[in-house]
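The structure appears below as structure tokens.
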Amino acid sequence: MPTDQVAAVVALIGEVLQDALLGIGLHGSSVVGGLRPTSDLDLLVVTSRRTTEPERRALIERLLPMSGPGDPSGRSRPIDLESVAQGDVRPWRYPARLDFQFGDWYRPAYARGDFAPWNPANPDLAIVLEAALQADRPLFGPPPSDLIGPIPWSDVRRAMLDSIPDLLSYLEGDERNVVLTFARIWASLVTGGLQAKDGAADWAIGRLPPEHRAVVARARLLYVEGIPTEDWGGLLPGVRPCVEHLIGEIERAAAAGRSAG
């Protein structure tokens, strides 16, 4: 784990939010499965109130040079940071309200002066919160389990299904991550726990029909090896049929989960 980068980000958040900061939790590949060459630094921030516009602007402007492509040294990992106000997630309701988000994919919006480009009613937030709860790895303040949750698994399942249209919109050009995310959703729904991307790919490959295994295996290789380009070696035409098959499996697993629950 990039300890210097983590320490710098934690210090920055504390400096900007001051007494409003309740806790910062680490989750994602840093905790589950191990960091890969292209893995993000996944952080959840919990605050006592919603952030102000000046605070959001300050966080974004100061995180930009500390995250992935913004660091001229090339040594920083991309930062994926979500922040919630405690009162918006406890007591729990779905969809939870996302108060603040930082990610490199928002750089064009930030450049236009849009310092709140995310959807506040964000279904994916339930998955993020559950990941932070499962990791329960505090970087500042008490463990996330003391600040949020629990999240009903039925709402995590619902969030996974609600995220499908948005994921499909990113398929062209981001095939690797979308394929792996669908594999992870399928594995998570069947096993009842959130899975690491490469572990979910291994799980899915053993259960897929032969015509789709190579696509998931290639996505896994691109992720594990950190290959920066979407080099599919002739498999690209099979990506969408594979994704459609994964969505079918996801819908069947969700239906089975509803019947069981």
* To do: Answer with one residue from Ala256, Ser169, Pro150: the one whose Cα lies farthest towards the positive end of the charge dipole of the chain, charges on Cβ with Lys, Arg +1 and Asp, Glu -1.
  => Ala256
* Asked: Cα convex hull of region 124-220: mean projected area in nm², to one decimal?
  -> 6.9
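As an exercise, use a Förster radius of 30 Å and the Cβ-Cβ distance of Asp114 and Leu12 to find the FRET efficiency, rounded to the nearest 0.05. Provide the component values of the computation, followed by the final result.
On the way: r = 21 Å, r/R0 = 0.70.
Calculated value: 0.90.
Only bridges with both residues in region 3-150 count here: give the DSSP antiparallel percent, nearest 5. Each step should come with its number before you reach the end.
Details: 13 of 20 bridges.
Here the share of antiparallel DSSP bridges comes out near 65 percent.
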* Structure fact -> The rounded separation in angstrom of the Cα centers of region 38-108 and region 111-150 is 9
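What is the sum of charges, Lys and Arg at +1 and Asp and Glu at -1, for the other residues whose Cβ falls under 15 Å from the Cβ of Arg157?
Working: positive: Arg158, Arg184, Arg252, Arg258; negative: Asp124, Glu130, Asp155, Asp162, Glu249, Glu251.
Here the charged neighbours net out to -2.
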* Structure fact -> Along the dipole axis of region 166-260 (charges at Cβ: +1 for Lys and Arg, -1 for Asp and Glu; origin at the Cα centre), the most positive-end residue among Gly206, Ile247, Pro237 is Gly206
* Picking from Trp105, Val16, Ser48, whose Cα lies most toward the positive end of the charge dipole for the chain (charges on Cβ: Lys, Arg +1; Asp, Glu -1)? -> Ser48
* Structure fact -> In a Gaussian network model of the chain with springs linking alpha carbons closer than 10 Å, the residue among Gly233, Gly192, Gly149 that fluctuates most is Gly233
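So if we plug the beta-carbon distance of Trp92 and Ala255 into 1/(1 + (r/R0)^6) with R0 = 30 Å, what FRET efficiency do we get, rounded to 0.05?
On the way: r = 24 Å, r/R0 = 0.79.
Computed FRET efficiency for Trp92 and Ala255: 0.80.
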* Asked: Beyond 25 Å, what share of the Cα-Cα pairs of region 3-150 remains, rounded to the nearest whole percent?
  -> 21
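Just add up the charged neighbours of Ile79: K/R +1, D/E -1, any other residue whose Cβ is under 14 Å from the Cβ of Ile79. Each step should come with its number before you reach the end.
Values: positive: Arg62, Arg75, Arg77, Arg107; negative: Asp4, Asp40, Asp42, Glu61, Asp71, Asp80, Glu82, Asp104.
Local net charge: -4.
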* Structure fact -> GNM of the chain, Cα pairs under 10 angstrom: of Gly25, Gly103, Gly248, the biggest fluctuation goes to Gly248
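Which value, in nm² and rounded to one decimal, describes the direction-averaged projected area of the C-alpha convex hull of the chain? Walk me through the numbers before you get to the answer.
On the way: hull surface 54.0 nm².
That works out to 13.5 nm², a quarter of the Cα hull's surface.
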* Starting from the Kirkwood radius over alpha-carbon pairs of region 166-260, derive D by Stokes-Einstein at 25 °C in a medium of 0.890 mPa s and give it in µm² s⁻¹. => 185
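Taking loop as defined by DSSP and a crowding limit of 13 other beta carbons within 10 Å, which chymotrypsin sites (Phe, Trp or Tyr not before Pro) in region 160-250 fit? It would help to have the intermediate numbers written out before the result.
On the way: sites: Tyr170, Phe182, Trp186, Trp203, Tyr223, Trp232; in loops: Tyr170, Trp232.
Here the chymotrypsin sites (Phe, Trp or Tyr not before Pro) that fit, given the DSSP loop and packing criteria, are Tyr170.
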* Asked: In a GNM of the chain with a 10 Å cut-off on Cα contacts, which of Thr51, Thr181, Thr229 has the highest mean-square fluctuation?
  -> Thr229
* **Over the chain, relative contact order from alpha-carbon pairs under 8 Å, at least 6 apart, %** => 18
* **Using θ = phi - 60° and Karplus 6.51 cos²θ - 1.76 cosθ + 1.60, couplings along region 174-187 (whole Hz; Gly, Pro as x)** => 10, 4, 4, 5, 5, 4, 5, 5, 5, 4, 5, 4, 4, 4
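Every number here is computed from the coordinates shown, using simple stated rules; none is lab data. All of these numbers come straight from a predicted model, not from anything done at the bench. A quick note on method: Cβ atoms are made from the backbone with ideal geometry, for glycine too, and the neighbour counts reach across all protein chains shown.
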